[in-house]
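Beneath this line is the structure, given in structure tokens, with notes to follow.
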Amino acid sequence: MVEVGTDISKASTYLKQGQLVAIPTETVYGLAGNALDVKAVSSIFETKNRPSFDPLILHVASLEQVNPFVTAFPEKLKRLAEAFWPGPLTVLLPRKASVPDLVTSGLDRVAVRVPNHPLTLALLAQLDFPLAAPSANPFGYISPTQAGHVAAQLGTQIPYILDGGACAVGLESTIVGMEEEQVVIYRLGGLDISEIESLVGPVIVQAHSSSNPSAPGQLASHYAPRKPFVLGDLTELVPQLVQQGKKVGVLSFSTHFPSLSADRQVTLSARQDLKEAAQRLFMAMRLLDESDAELIVAELIPEIGLGRAINDRLKRAAAQPTH
Ligand code: TXA
Ligand code: MG
């Protein structure tokens, strides 16, 4: 069974041996391995049951450490990295041959980021290789935001989880790249677009779904609970379903339903704070998925700031799986 702890030396020993370790970041927990060791990288794909066309993010300790892996760092993207690293931003850059094909799924760009978590930054400082780390969940399921979430799902497959507490941001990183001179957002995430636009001007958002995505975070069905997950107007849906005798789980932005059992409803933020709602979203989806509810109903939240990324995840959770 997996060991959960805060021992950085132990984590680094496993990683140097080519084994996988779950690591905390400010966004979600990652399933990390030596990005330059093809065996370790392939065991990441196996452990997550992840298709090999879905490339991985390289995690490094500082902006300078990106250089050995990329052929260029366009000025606008560098400006963003300088402003927001360490932080919830992933940058797509033209890659050098030093990055294994398996990491980028053969694409000509590599995704890189400097995560903002003291334990993981200290761990990276002890390693002479970058960490490839997708979110530490089985492919398609909800991303983990606590060590316990990782233990529950991958606990029999990895030796160690570095426990950094609950993730502060709670949504995966925002992914940006350049097309021609234009900054493009490929995945909405924990860094609000307005913060990006304040530094580089208007951006294009290409975080749509497609069957052949350049980022499978774009797949229509992703981040999904196992129970039926329905979006709608809660004040209509909840009374209807209750009347039909359904055990309904409720994920609301701020409304509490006094008539419903407390262990079948989660309010993301009673004070309607978007950061708090983002931080609690995946934990809430998991709690309801594990409750005795037959189905989960949820509502979209205001489409402003982080609300856009939260709604993106809610819509994908509600989409019918295609895989
Ligand atoms: O916040 C995060 O980004 C977390 C933490 C652990 O750092 N990681 C994460 O990784 O969300 P993952 O693998 O679950 O999602 C990474 C996304 C995928 O949708 C992948 O397709 C995209 O990044 N991606 C990675 N490399 C890419 C590339 N070279 N070109 C296009 N998309 C890429
Ligand atoms: Mg993921």
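Just a few scattered comments:
- Antiparallel DSSP beta bridges within the chain, percent to nearest 5: 45
- For a label point 7 Å along the Cα-to-beta-carbon line of residue 236, residues of region 280-323 with backbone N under 14 Å: 298-300
- Mean-square fluctuations from a GNM of the chain, with a 10 angstrom spring cutoff on Cα atoms, peak among 188, 234, 306 at 234.
- Accessible-area composition of the chain, carbon plus sulfur, in percent [1.4 Å probe]: 51
- Lys, Arg +1 and Asp, Glu -1 on Cβ, resulting dipole of region 229-318 about Cα centre, debye, nearest 20: 180
- With K and R counted +1 and D and E -1, the other residues having a Cβ less than 12 Å from that of residue 206 yield a net charge of 0.
- Couplings for region 51-58, taken from phi via the Karplus curve 6.51 cos²θ - 1.76 cosθ + 1.60 with θ = phi - 60°, read x, 6, 7, 9, x, 10, 8, 7 Hz in order; Gly and Pro are left as x.
- Residues of region 177-193 with amide N under 18 Å of a point placed 7 Å along Cα→Cβ from residue 75: 177-184
- Distance between modelled label sites at residue 181 and residue 262, nm, 7 Å Cα→Cβ extension: 5.9
- Alpha-carbon gyration tensor eigenvalues x 5, square-rooted, for the chain, Å: 33, 23, 17
- The charge dipole of the chain, taken about the Cα centre with unit charges on the Cβ atoms of Lys, Arg (+1) and Asp, Glu (-1), comes to about 420 debye, rounded to the nearest 20.
- Ligands, DNA and RNA are left out, and with a 1.4 angstrom probe the accessible area of region 229-318 is 46 Å² per residue.
- For the residues 265, 279, 157, a GNM of the chain with alpha-carbon springs under 10 Å puts the largest fluctuation on 157.
- Value in Å of the Kirkwood radius, where region 13-148 supplies the Cα pairs that are averaged: 14.8
- Local charge for residue 114 was computed over the other residues whose Cβ lies under 13 Å away, with Lys and Arg +1 and Asp and Glu -1, and equals -1.
- Adding -39500 (n - 2.57) for every DSSP H run of four residues or longer, then dividing by how many residues the chain holds, sets the calculated 222 nm ellipticity at -8500 deg cm²/dmol.
- Label point 7 Å beyond Cα of residue 17 along Cβ direction - residues of region 135-178 with amide nitrogen under 20 Å: 151, 154-163
- Taking the square roots of 5 times each eigenvalue of the Cα gyration tensor of region 229-318, largest first, gives ellipsoid semi-axes of 21, 12, 12 Å.
- Using a probe of 1.4 angstrom and keeping all protein chains present, the accessible surface of region 1-132 works out to 40 square angstrom per residue.
- Taken along the Cα-to-beta-carbon direction at a fixed 7 Å, the label points for residue 243 and residue 10 span 5.5 nm.
The values are calculated or read from the model by the stated rules, or taken from the named source; none is laboratory data. Computed from a prediction, not measured in an experiment: that's the story for all the values here. Every residue, glycine among them, receives a Cβ derived from its backbone with ideal geometry; neighbour counts consider all protein chains shown. Remember, those area values only see protein heavy atoms, side chains included, never the ligands or the DNA or RNA. Shrake-Rupley method; radii C 1.70, N 1.55, O 1.52, S 1.80 Å.
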